[in-house]
Structures are given as structure tokens and as C-alpha cells.
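Values in this text are rule-based calculations from the coordinates and carry no lab data. Please read all numbers here as calculations on a predicted model, not as lab measurements. Here the Cβ is made from the backbone with ideal geometry for all residues, glycine too, and neighbour counts use every protein chain on show.
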């Protein structure tokens with residue numbers, strides 16, 4: 001079952017800092033709604049000084065996390081050890097999307113690397129931390145980050161990205177609003 005903690009400890013923070021990949025999961029309240037699970041990389045995750053965590057989120061094909069956290073706030077992050085000792089670390093909490101034109105953005109954006117294609121920052125106040133063995137997670141070697149997103153975003157340009165977000169990121173798969181204003 002693992003061990004539970006009410007907050008991130010220093011060993012948890014150290015483990016997170018060494019991971020190149022994490023997963024974020026959210027879900028709408030409705031029984032018919034779809035659970036979303038997304039992999040994230042690019043050294044975008046941060047543990048903030050005020051006890052929250054967050055990640056810089058790029059424009060992509062969907063915006064489920066923003067829609068689900070706007071509706072109910074529930075969010076889970078999962079980190080897995082793919083090298084060295086096995087370990088799985090889950091962070092449970094309440095999240096929200098922070099938009100570029102907000103006061104909150106002005107207060108936190110400096111903690112992240114912001115790109116022209118940064119869509120939002122997802123923040124979360126963590127209320128439960130769980131570790132588990134990770135014995136079934138295979139070993140993988142990290143080769144590096146992909147450049148494909150940045151090439152795509154550069155070709156789109158600023159106006160093309162805004163149009164893409166309006167068309168593809170304003171509602172979730174289930175029709176929930178994302179609250180994004182790009």
C-alpha cells in the first residue's frame with residue numbers, strides 16, 4: 001500500500017528533482033466524464049517556496065487539466081523511478097490553472113522557464129503524498145528532450161498559437177470550459 005505523508009519531505013523533493021518525466025491526472029465530476037492522464041517532461045515541474053507545486057504547461061492538443069481543475073480542483077501527480085532504486089511517488093491535491101494575464105502569474109512565473117508556446121501554469125496545493133515500491137516499473141535510460149513541440153510552435157507563430165488554443169483548448173473532451181484566455 002505504501003507510506004503516506006501530509007507534505008513533501010526533503011527526500012521526496014530530491015527524488016522529484018532527479019526525474020525527467022512525470023504524469024498528471026485529473027477527472028471531471030460527472031460519471032460519464034473521461035479521466036485524463038498526461039505525461040510531462042522538459043524540466044517544467046517546480047516545488048514552490050509556499051508549499052505548492054506546479055508545472056509550466058505548453059500549448060497542446062487538449063486542455064483537460066485546466067477544465068477539470070476549474071470544475072473541481074482534484075489533481076494527482078505521479079513520479080516513477082526509471083533508473084536506480086525503484087520508487088513511485090504520488091502527490092494528491094487541489095489544483096488550478098494560472099493564466100498569463102493574472103496577478104498570480106506575475107507572482108509565480110519567475111519560477112518557471114516560460115516559452116512563447118507556454119499556455120498556462122498549473123498549480124496545486126498538495127494535501128497527501130504517497131510512496132510505493134515501484135518494483136514493477138522497468139528500467140529506462142534518459143536520452144534527452146524532444147524539440148518537436150518547439151519547432152511546431154515556431155511554425156505556428158504567435159497568432160497561429162492563439163488561434164489553435166481558441167479552437168482546440170477552450171473546452172475539454174467532455175465539453176467543460178477550460179477558462180483559458182490565450
Is at least one residue of the range 30-44 touching a helix residue (DSSP H, G or I) at 6+ places or on another chain (Cβ under 8 Å) and either over 29 Å from residue 137 (Cα atoms) or surrounded by 21 or more Cβ atoms within 10 Å (Cβ to Cβ) (or both)? no
What residue, among those in the range 47-57 that are touching a residue at least 24 places away in the same chain (Cβ under 8 Å) and either assigned to a loop (DSSP other than H, G, I, E, B) or crowded, with 19+ Cβ neighbours inside 10 Å (or both), is farthest from the chain's Cα centre (by Cα)? 51
